[in-house]
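Below is one structure, written out as C-alpha cells; the observations come after it.
The values are calculated or read from the model by the stated rules, or taken from the named source; none is laboratory data. Bear in mind the structure is a predicted one, so any value in this text is a computation, not a measurement. As a convention, Cβ positions derive from the backbone with ideal geometry for all residues, glycine included, and neighbour counts pool all protein chains shown. Protein only, heavy atoms only, side chains kept; ligands, DNA and RNA dropped before computing areas. Shrake-Rupley method; radii C 1.70, N 1.55, O 1.52, S 1.80 Å.
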Amino acid sequence: MKLENYEMHLPSYSIGSDVYGQIKEICSPFGTKVLIISGVKSYEASASKLLRAMEESGFTLIGQEYFGGECTYANVEQLRALAVYKEADMVFAVGGGKCLDTCKCLCIEDKKPIFTFPTIASNCAACTSVSIMYQEDGTFLKPHFFLKPAEHAFIDTEIMAKAPEKYLWAGIGDTYAKYYEATISSRGEELQHFTALGVSMSRMCLDPLVQYGEKAYQDNQRGVCSYELEQAVLSIVVTTGIVSIFLTRDFTPDYNSGLAHAIFYALTAYPVIEQEHLHGEVVGFGVLYALLCDGQEEEFQKIYQLNQKLHLPLKLQDIGITRAQFEETIERIPQMSDVRHYPYAITREMLLEAMERLENA
C-alpha cells in the first residue's frame, strides 16, 4: 500500500527533580510573557517551585487562570476569549490530563506555544497530540487530534512523588492497557512503518510496570522520588504518549484503543464512574475483560495478580457498578468506536462469560 506524504511530530520532554531549571533554555525562544492555565490543586502543588524558576529565568507571569474543571469545547472557548490569553507569548499548562488536554485544544489549534507541566502521573496527556473531549455532563464526547504535541513537557518527579498515589495507581492501569490494545487491534495486519514502531514500542508500556509498578506505588505513598517511581512515570507519561502518536493517524485504522477503553467509555453513562473513579482505574479493570475475551489466559493471570498487588479493581463492585448495570452496558460496548477496528466482533456472549469468570473468581 502506497501512502501520501506524511509527517510525524514526537514529544520533547525533560524528567527529573529539578527540570524547571531548564525553562529558560527551552522556552525563551518563544518570548517572555507567560499565562499559566491550571487546575486548583495542581497549581497549589507546583506554584512555588514553578514561579521561582520563572523569576530566575526572566519570564513574566501575566496571568493565572483555572481551566474550568472539565475538558469541554465550552471551556476552551471561554479561555480563548480572555484578553490575557491573547497577550501571552506562551501558555504553561499545569495539572492533570483534563487540564492539559483543554490547553492543548486551545493553544495547538491557535498555533500558540504551549508547554505542559504534568503534576500527576495518571495519563500521557503531557506528551500526546490528542485531547479527549467531554460533554458538559461529564460523559465522553470524542478525541480531538492534532498534528503535533505541546512544544515540551516538564516532568517534575519530585512533585509527582508528593501527589496523591491514586493518580499513579490509575495511570498504571491505563498504561498497560496500551500494550494489549495495540497488539490485539493490529493482529494479523501488514503494518506501516510508524504503526509497526508504535506496536513494538507498546511493550514498554507493560514490562516496566510489571517490574517496577508495585515499588513505585509504595514509594509514591511515602512521597519518595525513587528510580522505580521515575521508571513508572516514564512509562505512563512518555512511552504511552509516543506510542499513541505512532498508532493514531487520520489516514490509518486506529490501533490506539480497544475493548478496555470501550468498556470505560460505555460505563461513563453512569455518573459514579466520573464522580468516584479514575479513567485508568476503570480501563485497567477493562483489560481483564479484554484478555478473557481474547483467550490470553497467561496474560490475564499476570494482570490479575498485578491488580491484586496494587488493589486495582477486580470486580464490578470495585467500580460501583451492579451486574444489572453492566449487563445493560454490554449492549453499548460493541458499538463503541474503540472496537470498530478489532480483529473480531465483540459479542454479548463474550462479555457475559468474562463477567461471570471475574465475578466468581
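Here the condition is being more than 27 Å from residue 232 (Cα to Cα) and either touching a His at 6+ places or on another chain (Cβ under 9 Å) or open to solvent by less than 40 Å² (accessible area, probe 1.4 Å) (or both); of 76, 130, it holds for 76 alone.
Flag set for residue 189, criterion: open to solvent by 30 Å² or more (accessible area, probe 1.4 Å) and outside any helix (DSSP H, G or I). Scanning segment 276-309 for residues that are assigned to a helix (DSSP H, G or I), open to solvent by 30 Å² or more (accessible area, probe 1.4 Å) and either free of Cβ contacts under 8 Å to residues at least 12 places away in the same chain or hydrophobic (A, V, I, L, M, F, W, C) (or both) returns 292, 297, 298, 301, 305, 308.
Quick check on residue 24: is it open to solvent by less than 40 Å² (accessible area, probe 1.4 Å) and either touching a residue at least 24 places away in the same chain (Cβ under 8 Å) or acidic (Asp, Glu) (or both)? The answer is no for residue 24. Could you say whether any residue in segment 238-258 is touching a residue at least 60 places away in the same chain (Cβ under 8 Å), under 18 Å from residue 12 (Cα atoms) and of a type in the set (Asp, Glu)? No, segment 238-258 contains no residue that is touching a residue at least 60 places away in the same chain (Cβ under 8 Å), under 18 Å from residue 12 (Cα atoms) and of a type in the set (Asp, Glu). Scan segment 67-79 and give yes if some residue there is in contact with a Cys (Cβ under 6 Å, 6 or more places away or on another chain) and among the charged types (D, E, K, R), otherwise no. Checking segment 67-79: not a single residue is in contact with a Cys (Cβ under 6 Å, 6 or more places away or on another chain) and among the charged types (D, E, K, R). Considering 25, 7, 56, 44, the condition of being out of contact with any Phe, Trp or Tyr (no Cβ under 7 Å at 6 or more places or on another chain) and not in a helix (DSSP H, G or I) is satisfied by 7 alone.
Determine if segment 81-102 includes at least one residue that is among the polar types (S, T, N, Q), open to solvent by less than 10 Å² (accessible area, probe 1.4 Å) and under 22 Å from the mean Cα position of the chain (by Cα). Yes, there is a match, as at least one residue in segment 81-102 is among the polar types (S, T, N, Q), open to solvent by less than 10 Å² (accessible area, probe 1.4 Å) and under 22 Å from the mean Cα position of the chain (by Cα).
Can we say residue 357 is more than 30 Å from residue 211 (Cβ to Cβ), out of contact with any Gly (no Cβ under 6 Å at 6 or more places or on another chain) and not aromatic (Phe, Trp, Tyr)? Spelling it out, it is not the case that residue 357 is more than 30 Å from residue 211 (Cβ to Cβ), out of contact with any Gly (no Cβ under 6 Å at 6 or more places or on another chain) and not aromatic (Phe, Trp, Tyr). Could you tell me whether any residue of segment 262-274 is part of a loop (DSSP other than H, G, I, E, B), free of Cβ contacts under 8 Å to residues at least 12 places away in the same chain and either at positive phi or of a type in the set (S, T, N, Q) (or both)? Taking every residue of segment 262-274 in turn, none turns out to be part of a loop (DSSP other than H, G, I, E, B), free of Cβ contacts under 8 Å to residues at least 12 places away in the same chain and either at positive phi or of a type in the set (S, T, N, Q) (or both).
Within segment 332-351, the set of residues being charged (D, E, K, R), surrounded by 12 or more Cβ atoms within 10 Å (Cβ to Cβ) and in a helix (DSSP H, G or I) comprises 338, 348. For segment 143-175, residues that are within 30 Å of residue 302 (Cα to Cα) and open to solvent by less than 10 Å² (accessible area, probe 1.4 Å) total 10. Return yes when residue 338 is acidic (Asp, Glu), closer than 30 Å to residue 153 by Cβ, touching a residue at least 40 places away in the same chain (Cβ under 8 Å) and touching a helix residue (DSSP H, G or I) at 6+ places or on another chain (Cβ under 6 Å) and no when it is not. Yes, satisfied. When the criteria are applied in full, residue 108 fails the requirement of being among the aliphatic types (A, V, I, L, M), over 13 Å from residue 152 (Cα atoms) and either open to solvent by 10 Å² or more (accessible area, probe 1.4 Å) or in contact with a strand residue (DSSP E or B) (Cβ under 6 Å, 6 or more places away or on another chain) (or both). The residue that is farthest from residue 215 (Cα to Cα), among those in segment 147-182 that are part of a loop (DSSP other than H, G, I, E, B) and of a type in the set (A, V, I, L, M, F, W, C), is 147.
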